[in-house]
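Each value in this text was obtained by applying a stated rule to the coordinates, not by laboratory testing. Small disclaimer: the values here were computed from a predicted structure and weren't measured. Positions of Cβ are generated from backbone atoms using ideal geometry, with glycine treated the same way; all protein chains shown enter the neighbour counts.
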């Protein structure tokens, strides 16, 4: 594993994390290593229960990993003192999915933004200009500052949440399923807004999503999570030619205009993933794998030994945790 | 800070506040004006009602009316202090525990539970019994006795608010604990606390009067309503009117405080609907006067020999104080036997209302009408209850299976209910049919599922169980309202495949509603695109998949939805400009005119009719203009 470099905004190194303590603890993430650089976008995709939101919280410094380290700008978050930790956290902003609960319903948008600009004191007259500037950045009228969150549509609320994240001038924004509750036109608006902000400010992004078409549209690099582990990781091109059968399953599940999804997709053995706290032995995907031991009987190794994340292609840098990576030629 | 500009004050608040203001005014001036009159001893003892003594006199000849008025100050002041004490102690305990940390939260919560379980009046009696009776001890006793209620409520509310994303976000911005509490937590729990406080004021008025009545409160020569009541009751057989004064005063105070509490709750809750909206819901749906010319329907593109559903000029409107707001504005639609029809549009386009109207399941508060509404031969256009057969001919699958199953009943009970009610089969047959139904939708171990509760199933399993339930009566039409929106992509693909198989194997017609044009294009044979409460385009799925769509809105929907060809640099997504029109704001113009790239003068003057175009139908002036056909080469 390479050492954290100072050009990276964020690196998580061999992170294991979960909730609870003692015998009732549940490990949700196991051995995750990923990095994000300025101006680049990392996509984290997976189904519910894959641990992607937990990873987002670890990256934002909101959840302390039980093992491994989180480096922010080359500095280990675990070694920072309280003051420095607070400052460091402000460089990474997490935008949550639920636009209903992400804004204080009783504070005007202007008050919310003014507080984000300077959380340690009461809003002042001078904040007005900065609030208007933020609203303008996310293409909302200055008038919006005087209104309450419930007066806005879902897409507009996500704009406000983005504006609040921008108020602290972060270098990295982590967006946790921020468009999954929006219809496609609003989703397109938000995605294009994020792209424009990235171009203007050289922001690093982590886009957490279950929607592969969103990941494909937004990301330079993608990590596919399955039951708390990375199944496949590399350039976004991996979606076009998956090496891991799970990535293939995800890709073929996207509804598209061809309609072939209904008839041509192989039926997996079990439709739903297991429990991340207690994953199946060996490769966690093996009970569902259409190329695994349930279908190809001599592939018993999948049920007994955990495949390491290893280079899967010759030309491009794509890593897959699979004993029998899909042949790149067949795709 | 929490008062909101430009909101009308609720009538209950005005009434309650007016009543309380009068009481407070009396409390303020009565002791000054009538203090001596109320204390004056006369020889006219135990007189009844007269012009001189409105409520008679007591055993020492004092005027009860004036005594009641004078007692207001002490009575209300004590109730106010006791309530303030209860709120303060309660909030410090309740919210403080939340701020203190995880362990304190658990233990503190239990202690509060324990305290709440004791009746406050018993606690108050115990406290007053320990100390010598006085106005101070009674205020303290009531304050302490009532504080667990506020602690409980404050604790629950603060815990739920502090789990919200905005509190988490703010906390990680570095906002201090005090500010977090004062700006984010307290304002968001203030409304329910104040409601409880005003009710608490009413109850403590009564409780303090009660204690005084028992002789544990205010002592002579001071007097409050409670001690007046006690004196009055002693003379009840001789002079019944004596007790009414303090009784009415206690009643009015309680009523005023209660009304203020109710009114405050309405005023402060920005999202709470007004009373008028709630009342509108009580009216039965009734047919509305017909609108202008209904769109002519050609009936040539249903493609199937039998129709399962036939809808002509369906209109749905919200009944409100400002008259009807049209939500669905004349939808005509056919679903052939074995056909999958997709209904797609942005939120608010009227697609779900159209589907619910088809099943006669519109929520209260909505009025509907249709020229024709026929499902499998049943005429549903007439008002009144739909025939019972409708429940078995139409199956419905909703977006959120969690809210469609009763969490307290086993899956088996809910699945067999429809069979036992509508098909009159016995319990055993119904159970075996339910098992077969679950197996049909590929729920593993169907026998054991019958005894499980909804929460024991995963989201995908619940959705399958709901589909199984909808199919049990072998309906001719399945309405699936956003059936996959809440699901993971892999589970979504599974559910879509399941619906596809049901359609091909059993010939069940499906009306599939989704905001996702790709989902609709995957499963449907024919797609209706809705905008502003109307169908603006109807297109065969082959044309949709090939991008051969006519209406600029359909084109825009396709351009905004990400698919494999989308690329952030070379082929960026193109969101629609502007916002969908609000219902009620659409006049005679084309509802899409304000967002349309092809808008012409005609579009702002009249709405286009849905007319045949190629193999589909489209409502657009720009498309319907015959393009100058000429030999270009």
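Tabulated data for the structure shown
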item	result
Folded to 0 to 90 degrees: helix B:64-100 orientation relative to chain B principal axis, Cα	50
Potential lengthening between residue B:88 and residue B:602 on full extension [0.36 nm per residue; Cα-Cα distance subtracted]	178.5 nm
Förster-model FRET efficiency, 51 Å R0, residue A:310 and residue B:134, C-beta, rounded to 0.05	0.05
Shape of the protein assembly as shown, Cα gyration tensor, a/c cut at 1.5	prolate
Gyration tensor (alpha-carbon) shape descriptor, chain A, a/c threshold 1.5	prolate
Antiparallel bridges, percent of DSSP beta bridges restricted to the protein assembly as shown (to nearest 5)	60
Angle between chain B longest axis and helix B:11-39 axis [Cα atoms, degrees, rounded to 10]	0
Anisotropy class of the range B:117-162 from Cα gyration tensor, a/c 1.5 cut	prolate
Sum of -39500 (n - 2.57) over DSSP H runs of 4+, divided by residues of chain A (222 nm, nearest 500)	-8000 deg cm²/dmol
Of all DSSP beta bridges in chain B, antiparallel share, percent nearest 5	65
DSSP bridge pairs, the range A:10-219: antiparallel proportion in percent, nearest 5	50
FRET E, pair residue A:80, residue B:565, Förster distance 35 Å, beta-carbon r, rounded to 0.05	0.20
FRET efficiency estimate (nearest 0.05) - Cβ-Cβ, residue B:176 to residue A:16, R0 30 angstrom	0.40
Stretchable slack from residue B:28 to residue B:222, in nm (0.36 nm times residue separation minus alpha-carbon distance)	68.2 nm
Per-residue Cβ neighbour rank within 10 angstrom, fewest leading, A:247, A:108	A:108, A:247
Segment residue B:54-residue B:389, length gained on full extension (0.36 nm per residue, minus Cα span)	113.8 nm
Nitroxide proxy distance, nm - points 7 Å out along Cα→Cβ at residue B:506 and residue A:317	5.3
Cα long-axis angle, helix B:225-234 against chain B (0 to 90 degrees, to the nearest 10)	60
Label-to-label distance, nm, for residues given as residue B:382 and residue B:458 (7 Å Cα→Cβ offset)	4.9
